[in-house]
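The values are calculated or read from the model by the stated rules, or taken from the named source; none is laboratory data. Quick caveat: nothing in here was measured; it's all calculated off a predicted structure. Note that we place each Cβ from the backbone using ideal geometry, even for glycine, and neighbour counts take in every protein chain shown. What goes into the accessible areas is simple: the full protein's heavy atoms, side chains included, and nothing from ligands, DNA or RNA. Shrake-Rupley method; radii C 1.70, N 1.55, O 1.52, S 1.80 Å.
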Amino acid sequence: MVVGHCQVKEGAFAMIGAPGLASSKTSLVKKPQRRRLTVDDFAKMCEVGILSADDHVELIDGELVEMPPMGPPHAGIVNHLAKILIRRLGDTADVRVQSSVLLSRYTQPEPDLAVVRPDLDHYLQRHPDPRDILIAIEVADSSLTYDRGEKIPRYAAAGVPEAWLVNVRAQTITVYTEATSTGYRVSRTLDWTEELVATAVDGLRLTFEEILPSAYFPRN
């Protein structure tokens, strides 16, 4: 092929993407590909110092999601509920506070609280996975939309049998059960006078005020 006064090999324009001259058969140009991070990539980023303990991030479907800092009500409820659960469960289950759980190769969130089966090695060698997680608990303030729309469905898809969503601003508690690949089949928002009866942990019952104490949210 001759263009102007230059001899050009067939396919050359395909390689540089010259408009109108590229051949679809010989084009070597590829579209940019998005690469998802794996949990191993995530771990290495922490090991080499790319991420630190001060970086409050989660790995969701291969992408890093930065979480906002907790306000006093959020932090207070998380720690209060942790004390209640630890006392109530004893040695029958472990309670993890803002610690990673492994849902898949690409998803490693940090629920505010997780009730998990006891582990002989105390989870020193690995994170709990869906076989271990009995209840995932999210306390949502500014993160309500993200927790409800992104994290709760992923707990269900991974097979976590039960999840609780504590809505700080609305002063509600929603319990999700019957996990499916597309979300929980059943959800129930408790009234102030109702008792929460866990389905994934035998004998675990909490009053509404044990989870959302009136000291935090006095009601008229």
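Assorted remarks:
- Each semi-axis of the equivalent ellipsoid for the stretch 99-220 is √(5λ) with λ an eigenvalue of the Cα gyration tensor; in descending order they amount to 24, 16, 14 Å.
- Percentage relative contact order, the stretch 79-220, counting C-alpha pairs under 8 Å, at least six apart: 16 percent
- Accessible area per residue for the chain is 59 Å², calculated with a 1.4 Å probe on protein heavy atoms, without ligands, DNA or RNA.
- Pairs of alpha carbons in the chain whose separation is greater than 28 Å (percent): 41 percent
- Accessible surface of the chain, 1.4 Å probe, proportion on carbon and sulfur as whole %: 51 percent
- For the stretch 138-199, Kirkwood radius (reciprocal of mean inverse C-alpha pair distance, Å): 11.7 Å
- Computed with a 1.4 Å probe on the full set of protein chains, the accessible area for Tyr176 sits at about 30 Å².
- Net charge dipole size for the chain [Lys, Arg +1 and Asp, Glu -1 on Cβ; Debye, nearest 20]: 960 debye
- Förster radius 41 Å - calculated FRET efficiency between Glu210 and Val48 (Cβ-Cβ, nearest 0.05): 0.45
- In sequence order, calculated HN-Hα J values of the stretch 77-85 (Karplus, 6.51, -1.76, 1.60; Hz; x Gly/Pro): 5, 4, 6, 4, 5, 4, 5, 4, 5
- Extreme residue, positive dipole direction of the stretch 135-188, given options Val168, Thr182, Ala156 (C-beta unit charges): Thr182
- Think of the chain as a dipole: +1 on every Lys or Arg Cβ, -1 on every Asp or Glu Cβ, centred on the Cα centre; then among Leu64, Val201, Leu51, Leu64 lies furthest on the positive end.
- A straight chain from Asp202 to Asp91 at 0.36 nm per residue would run longer than the Cα-Cα distance by 38.7 nm.
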